[in-house]
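The values are calculated or read from the model by the stated rules, or taken from the named source; none is laboratory data. Keep in mind that what you see is a predicted model, and the values were worked out from it rather than measured. With ideal geometry, Cβ positions are generated from the backbone for all residues, glycine too; neighbour counts draw on all protein chains shown.
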Amino acid sequence: MNVIVSLILSGGAISILVAIPFLAVWALPYVFGIHLEWLFGIVIPYLAVIIFFVGIVYRVVKWAKCPVPFRIPSTCGQQYTLPWIKRNYAEKLDNPFTKAGVVGRMILEVLCFRSLFRNTKLNFGDGLHVRYASSKWLWLAAMGFHYCFLIVLIRHLRFFTEPMPFFVSIIEKVDGFFQFFLPVAYQSGLLLGAALTFLLLRRLLIPQVRYVSLPADYFPLFLILTIAGTGILMRYVFKADVVSIKELTMGLVTFSPKIPEGISVLFYIHLFLVSVLFAYFPFSKLVHMSGVFLSPTRNLSNNNRAVRHINPWNPKVKLHTYEEYEDDFREKMIEAGLPVEKKVAPTEQKE
Amino acid sequence: MAEIPKSWNVPSPDGLVKEVDHSPASMGLQKGWMSTTPVEIKPGMHCYAALPKRSKALGMPNPRNWSAMDEDWKLPRNWKEIVLEGMKERLGKFRSFQLFMDICVRCGACADKCHYFIGSADPKNMPVLRAELLRSVYRKNFTTAGKLLGPIAGARDLTLDVLKEWWYYLYQCSECRRCSVFCPYGIDTAEITMMGRELTNLLGLNIDWIAAPIDFCYRTGNHMGIQPHAYKEMMEFFVDEVENYTGVRVEPSFNRKGAEILFVTPSGDVFGDPGTYTAMGYLVLFHELGLDVTWSTYASEGGNFGLFTSNEVMKRLNAKMYAEAKRLGVKWILGGECGHMWRVCNQYMGTMNLDMAKGSKMEEPVSPITGTKFENAKSTKMVHICEFTADLIRNNKLKLDPSRNDHLTVTMHDSCNPARGMGFFEEPRYVIKNVCNHFYDMPENTIREQTFCCGAGSGLNAGEDMELRMRGGLPRANAVKYVHEKYGVNKLACICAIDRAVLVDLMQYFVPEVDVTGIHEMVANAMILEGEKEKTVDLRGEPLPGKEDSK
Amino acid sequence: MYDGGKIITGIIIGLALLTFPIWYNLGAAPKPPDIKLPVKEKQCVQPKAYMRTKHMQVLDLWRDSVVRVAQRSYVAFNGVKYDMSLQNTCMSADCHAKKTEFCDQCHNYTGVVPYCWDCHIEPKEKPKEKPKEKH
């Protein structure tokens, strides 16, 4: 896929996705007197969430149905070996021998993006002095993006819980620590935007990454950027009626859906895009969220020599047995003084 | 600079390096990669096709004469069906394959980690793209989005051109797993390459440099096709050499029932320099310890090119180790210095073949010299010789005079497989530091788990793909050059038979001042032997430091 | 399924986390805000719809105007002049006298913590006054 085509396709898709709720909720009532708020405020969100959960479970179950025939961790530190060869904590986690080690490795991988932290950048130079510099920008942006997204999600719990749990208030307070702008600007929103922009720019500007990128790489970036954008607009610019919105969202989570008056079309656009993200999630690369837990190069301990790993489909294969081997070479072996099982060479049987 | 043989068909190192241009324009990154198929199959960048007789020996499909340079690859009429069926089967059998097809986000962290990409600047050698070659076909045939949206979803049909592209790049990957260290999801291109190579093998698209060793190993017990009597003769030659240089006559035994330990090492060590010196090192060590050990002519190969073919072939070849251990009644197996052998013995052997050891006399390995239990090998009962020797040194069981290696300034090449398939870093270093006085590691991004391939792993160590090998070896050579210039390193130690074969060429090409050695060659040279004559030369017959005049 | 136990446990934990809002609210029907509107005063400084979403910006403007330029007079959309004061105008006895019955209703419902009271002293509400105002 050419980058221009990719951008047009994914940008176009986002435009259409914005236009659908806009036209349906804003224009239809004017033109035809039809009200579709129930569709975009109730039916589609419910559908999207159902698709999300069913889809994720389907994907994980599909992976789970594939056996792991071999225990193949990528070992990134000294192995467990002779007792006097000491291993520090990093090595125990990067090359785990025990289950606890594997759990630690997975926690580091999932929560701290351990492997990405190793990233280096090639500096080829004249080719005779090739160097590799530590390069943490991708790690930083990835951490920034994922954690800010998580914080934004948790903050949104204020629309989905009543009363609000304590951790939501704490996170809000911390997130709005600098108390600037009105309503208070959240750092997570700004950082999320910055990280997404960085990830998008590096995809566009680093030739190698641009080369491997597909529309499926730009689309989620655009989608999440647009979701963040509409959210920010609602909070700071076009001021949404949060009380009505919370009535709608609480209706959704308590299964007594209703459409209150006075909710702006911007909210329906935001909600529709979120619904699209939920529904798109299980069928795209975004499933790395659950996939990372199942990666056989990370979630297995390097203890093959101490504990046997079982391959459920261990194939029966034809071996070349010692007896066959000796039959092939018996005379030569005897002549060379090598021990043999059968002393008399069965010359008649051969050929 | 040493002469570079004409038969290599490669430009001078400077010329080769100058050609490597990572600029976007030079790499042709303007076009989307899917529109760059068909790929030009270049001589020097691929290996010769497997001869029909090889495939026949193991009953592999579609034996015939063919060449990658030909237009017609003489595929079975239903080749597409075979590949897609094979893909479906493997997606169901390997979680790694299914998962790695699904979860890549194309972040590009792996892109510049591949030695072949670094040395060739061919964007399809970026691990992510190598995988996308297969993923695109996966999407087209196994995902709804791919079926409906085609190229928009990154999906494409499996055509003959696509298959050729697969083949070309699957056999430009040495399954070194360096990319998997950096991938945030642990996506391992080696897994994808292995699956891809299994698929090519369904069509009879192997290379001869892999197929021949398999064929030989299956019939004669080793890659080189050395028959039992010849194997013994080679070893007897070593015995004479050792006596000649040390004054000690070692007495190896072969296929001996009742021995305590079975020793298995790559046949490359018995056949080609400088591996042969390492083999002599083993002989010296075993003799000095009085170890109750036997060599086997039946299981005379540690290496396993089945790993580069298919899991079934790997199992068929590996089975001999346990079969022979059981037949001879040994207690445990000692494994020599080898890279991919240890990937198999560490990560695959127990799973595949431990059943064969049922009813044998094998038990948890214990060093008869030190009494150390090798608890970490209690299931497979196979110990790495560097673990064994490190334990000996630690317990002061070897009389060593490291000054005998004072003419060496050593660095250590971590072989990919023991590094990233085992985590084998400290044992060899401990041994080296105890047998020689001058040791310097290469820069940290080029050793241990980040080590670079020798450029010729996974069966690509042929003679016709020298350009590929030199390009792939460029990062390794560069790091060696660095320590050579900085510390005067003149010896590159490694624990892999393929390394010992191919690093010699690589050094000759890029850093001719540096020579290659196995670790146990240095161990034997530093050992003070019982009843040795006054030593003036090492196992290569080269004068020891301070003894240059006495020869 | 392979490693079924671990994977199903993982799925259950994941689902439990992601469906937190559903089970957190179980059994508790959401209580929408119950706002007591002023009895005497029928018109705010801006129309109701405007005030619903943008009152914080009006107050922000007032604060800046009073604190930074000492300008206290506000001309409302309908031409009526008001003194810019949270406590004397907005929360005067005739209007939104009680924070708990007006401000807090929506703020608590939507989890908003305005920082008005970082500077202003929260007006004391004597419980005994309550019956007086109730009609």
With the checklist (1) closer than 21 Å to B:CYS496 by Cα; (2) in contact with a strand residue (DSSP E or B) (Cβ under 9 Å, 6 or more places away or on another chain) in hand, flag the one item B:GLY303 doesn't pass.
(2)
How many residues are assigned to a loop (DSSP other than H, G, I, E, B), facing chain B (nearest Cβ under 7 Å) and within 22 Å of the chain's Cα centre (by Cα) when one looks only at the range A:284-322?
4
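Within the range B:164-185, restricting attention to residues that are farther than 25 Å from B:ASP499 by Cβ and touching a residue at least 40 places away in the same chain (Cβ under 8 Å), which residue is surrounded by the most Cβ atoms within 10 Å (Cβ to Cβ)? Quick ask: steps written out before the conclusion?
As a first pass, look at the range B:164-185 and keep what is farther than 25 Å from B:ASP499 by Cβ: B:164-167, B:184-185.
From the residues that got through so far, the ones that are touching a residue at least 40 places away in the same chain (Cβ under 8 Å) too are B:164-165, B:167, B:184-185.
Numbers: B:LYS164: 19, B:GLU165: 18, B:TRP167: 25, B:PRO184: 27, B:TYR185: 24.
If we take residues in the range B:164-185 being farther than 25 Å from B:ASP499 by Cβ and touching a residue at least 40 places away in the same chain (Cβ under 8 Å), then B:PRO184 is surrounded by the most Cβ atoms within 10 Å (Cβ to Cβ).
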Can you name the condition, by its number, that B:GLY455 falls short on among (1) of a type outside the set (D, E, K, R); (2) on the phi < 0 side of the Ramachandran plot; (3) buried (at least 24 other Cβ atoms within 10 Å of the Cβ); (4) within 14 Å of chain A (Cβ to nearest Cβ)?
(2)
Looking across the range A:75-104 at residues that are facing chain B (nearest Cβ under 7 Å) and of a type in the set (Phe, Trp, Tyr), the single one that is farthest from the chain's Cα centre (by Cα) is A:TRP84
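Yes/no per residue for (1) surrounded by 12 or more Cβ atoms within 10 Å (Cβ to Cβ); (2) within 14 Å of another protein chain (Cβ to nearest Cβ); (3) modelled with pLDDT of 90 or more; (4) within 30 Å of A:VAL174 (Cα to Cα):
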site: C:CYS44; (1), (2), (3), (4): yes, no, yes, no
site: C:MET56; (1), (2), (3), (4): yes, yes, yes, yes
site: C:ASP60; (1), (2), (3), (4): yes, yes, yes, yes
site: C:TYR74; (1), (2), (3), (4): yes, no, yes, no
site: C:CYS90; (1), (2), (3), (4): yes, no, yes, yes
site: C:PHE102; (1), (2), (3), (4): yes, yes, yes, yes
site: C:LYS126; (1), (2), (3), (4): no, no, no, no
site: C:PRO131; (1), (2), (3), (4): no, no, no, no
site: C:HIS135; (1), (2), (3), (4): no, no, no, no
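If I ask for residues that are of a type outside the set (Gly, Ala, Ser) and either in contact with a Pro (Cβ under 8 Å, 6 or more places away or on another chain) or modelled with pLDDT under 95 (or both), which ones from the range B:82-104 would you list?
As a first pass, look at the range B:82-104 and keep what is of a type outside the set (Gly, Ala, Ser): B:82-85, B:87-91, B:93-95, B:97-104.
Answer for the range B:82-104, where residues must be of a type outside the set (Gly, Ala, Ser) and either in contact with a Pro (Cβ under 8 Å, 6 or more places away or on another chain) or modelled with pLDDT under 95 (or both): B:ILE82, B:LYS93, B:PHE94, B:ARG95, B:LEU99.
Give the residue, chosen from B:ASP112, B:ASP188, B:ASP122, B:ASP161, that is facing chain A (nearest Cβ under 7 Å) and surrounded by fewer than 24 Cβ atoms within 10 Å (Cβ to Cβ).
Working: B:ASP188 fails: surrounded by fewer than 24 Cβ atoms within 10 Å (Cβ to Cβ); B:ASP122 fails: facing chain A (nearest Cβ under 7 Å); B:ASP161 fails: facing chain A (nearest Cβ under 7 Å).
Selected residue: B:ASP112, the only one of B:ASP112, B:ASP188, B:ASP122, B:ASP161 that is facing chain A (nearest Cβ under 7 Å) and surrounded by fewer than 24 Cβ atoms within 10 Å (Cβ to Cβ).
Please go through the range B:10-55 and give me each residue that is hydroxyl-bearing (Ser, Thr, Tyr), within 14 Å of chain A (Cβ to nearest Cβ) and in a helix (DSSP H, G or I), ordered by number.
B:SER26, B:SER35, B:THR36 - these are the residues of the range B:10-55 that are hydroxyl-bearing (Ser, Thr, Tyr), within 14 Å of chain A (Cβ to nearest Cβ) and in a helix (DSSP H, G or I).
So which of B:VAL516, B:VAL480, B:VAL504 ends up being touching a strand residue (DSSP E or B) at 6+ places or on another chain (Cβ under 7 Å), more than 14 Å from chain A (Cβ to nearest Cβ) and crowded, with 24+ Cβ neighbours inside 10 Å?
None of the others qualify; the one that does is B:VAL516.
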Of all residues in the range B:84-96 being more than 8 Å from chain A (Cβ to nearest Cβ) and surrounded by fewer than 23 Cβ atoms within 10 Å (Cβ to Cβ), which is nearest to B:TYR185 (Cα to Cα)?
B:ARG90
Residue list for the range B:373-388, restricted to those being in contact with a strand residue (DSSP E or B) (Cβ under 7 Å, 6 or more places away or on another chain) and of a type outside the set (A, V, I, L, M, F, W, C):
B:LYS373, B:LYS381, B:HIS384
Against the definition (surrounded by fewer than 21 Cβ atoms within 10 Å (Cβ to Cβ) and facing another protein chain (nearest Cβ under 8 Å)), how does A:VAL265 come out, yes or no?
no
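Condition check ((1) touching a Gly at 6+ places or on another chain (Cβ under 9 Å); (2) among the basic types (Lys, Arg); (3) within 11 Å of chain B (Cβ to nearest Cβ); (4) in contact (Cβ under 8 Å) with a residue 60 or more places away in the chain) across all residues:
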| site | (1), (2), (3), (4) |
| --- | --- |
| A:VAL110 | no, no, yes, yes |
| A:ARG118 | no, yes, yes, no |
| A:LYS121 | no, yes, yes, no |
| A:GLY125 | no, no, yes, no |
| A:TYR132 | no, no, yes, no |
| A:ALA142 | no, no, yes, no |
Out of (1) modelled with pLDDT of 95 or more; (2) crowded, with 20+ Cβ neighbours inside 10 Å, the one A:ASN314 does not meet is (2)
Quick one: would you say B:ARG476 is without any contact (Cβ under 8 Å) to a residue 40 or more places away in the chain, within 20 Å of A:ARG131 (Cβ to Cβ) and touching a Phe, Trp or Tyr at 6+ places or on another chain (Cβ under 7 Å)?
no
Any chance you could count how many residues in the range A:210-245 are more than 22 Å from the chain's Cα centre (by Cα), hydrophobic (A, V, I, L, M, F, W, C) and more than 7 Å from every other protein chain (Cβ to nearest Cβ)?
6
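Across the range B:422-450, which residue is surrounded by the fewest Cβ atoms within 10 Å (Cβ to Cβ) among those that are part of a loop (DSSP other than H, G, I, E, B) and within 11 Å of chain A (Cβ to nearest Cβ)?
To start, the set of residues in the range B:422-450 that are part of a loop (DSSP other than H, G, I, E, B) comprises B:422-425, B:436-438, B:440-443, B:447.
Adding the requirement that they be within 11 Å of chain A (Cβ to nearest Cβ) leaves B:422-425, B:443.
Numbers: B:MET422: 26, B:GLY423: 27, B:PHE424: 27, B:PHE425: 24, B:PRO443: 14.
Here the answer is B:PRO443.
Helices (runs of 4 or more DSSP H) wholly in the range B:285-390 with at least 1 residues that are facing chain A (nearest Cβ under 9 Å) and either modelled with pLDDT under 95 or farther than 28 Å from B:VAL431 by Cα (or both) - which ones?
Details: elements: B:311-328, B:339-343, B:349-353.
Where helices (runs of 4 or more DSSP H) fall fully within the range B:285-390 and carry at least 1 residues being facing chain A (nearest Cβ under 9 Å) and either modelled with pLDDT under 95 or farther than 28 Å from B:VAL431 by Cα (or both), they are B:311-328, B:349-353.
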Is at least one residue of the range B:68-75 surrounded by 20 or more Cβ atoms within 10 Å (Cβ to Cβ) and more than 26 Å from B:ASN141 (Cβ to Cβ)?
no
B:GLU485 passes all but one of the listed conditions (1) touching a residue at least 24 places away in the same chain (Cβ under 8 Å); (2) within 28 Å of the chain's Cα centre (by Cα); the exception is number (1)
For A:LEU9: the one exception among (1) at pLDDT 95 or above; (2) part of a helix (DSSP H, G or I); (3) at the interface with another protein chain (Cβ under 7 Å from one of its Cβ atoms); (4) more than 18 Å from the chain's Cα centre (by Cα)
(1)
